[in-house]
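Undergrad: So that we are looking at the same thing, I have put the structure below in structure tokens.
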Amino acid sequence: MQREQSKVINFDHHSQTVWDMINERYDGISGSKQCDMSYDVQNQICDIIQSIADQAGVRHMSFATKSSGLETLRKIADTICAGSGDTLGSEVRKQFSHDSTLEDAMLDIVNAMSDEERETMRSKFWLKLSQLKGVADGYCVFEGLDDVMAALLGDFGDEDEE
């Protein structure tokens, strides 16, 4: 347990993988094939998200690992929202309007944090999370971000929301 508390896992490479899947990997294929591929791509993204949650959403993991997990999930959500203007990006984004895998993963990580870790995370993550929520609301995706923000507030919710 002490080894895991001192170990830091950096998940950033996963955000680059998702960006590549949405913006580069299937760039040269037709729109109808991109539409067909979107389900596989979304499943692969969900597997990545779940892998991050499984590793970072554990109470005894280091704060740096939890922080990296949340930040990487935010970057993945940004990529999904911004996705390329082609069929694949649009279809993947639509699928996430009915899938809460990303928000559930974020909640797992926030719920594994101590009050002190949440406070530290809020101070460095709140603005980015708020910006993501604004963009996501415009696309009607990631509706569970409200729950993530409420969990991140913890006992401080009433004071901070006003």
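Undergrad: So, with +1 on the Cβ of K and R and -1 on the Cβ of D and E, and no other charges, what is the size of the charge dipole of the stretch 11-153 about its Cα centre, to the nearest 20 debye?
TA: Working: 13 positive and 24 negative charges, 59 e Å.
Rounded to the nearest 20 debye, it is 280 debye.
Undergrad: Here is a further query. Distance between the C-alpha centers of the stretch 73-102 and the stretch 15-33? Whole Å please.
TA: Spelled out, the Cα-based centre of one part sits 12 Å from the other.
Undergrad: Could you work out how far helix 87-96 tilts from the main Cα principal axis of the chain, as a 0 to 90 degree angle to the nearest 10?
TA: 40
Undergrad: Looking at the chain, how many pairs of lysines come closer than 28 Å at the Cα, when each pair is eight or more places apart or spans two chains?
TA: Close lysine pairs found across the chain: 18.
Undergrad: Against the 2.2 N^0.38 Å scaling, with N counting residues, where does the stretch 1-82 land? I'd like the Cα-based Rg ratio to two decimal places. Each step should come with its number before you reach the end.
TA: Details: Rg = 15.0 Å, N = 82, 2.2 N^0.38 = 11.7 Å.
After normalising by residue count via 2.2 N^0.38 Å, the value is 1.28.
Undergrad: Find the Rg to Rh ratio for the stretch 11-153, where Rh is the Kirkwood radius over alpha-carbon pairs and Rg uses the same atoms. Walk me through the intermediate numbers first.
TA: Working: Rg = 14.9 Å, Rh = 15.2 Å.
Computed over Cα atoms, the ratio is 0.98.
Quick note: the coordinates plus some simple rules give every number you see, no bench work behind them. Small disclaimer: the values here were computed from a predicted structure and weren't measured. Every residue, glycine among them, receives a Cβ derived from its backbone with ideal geometry; neighbour counts consider all protein chains shown.
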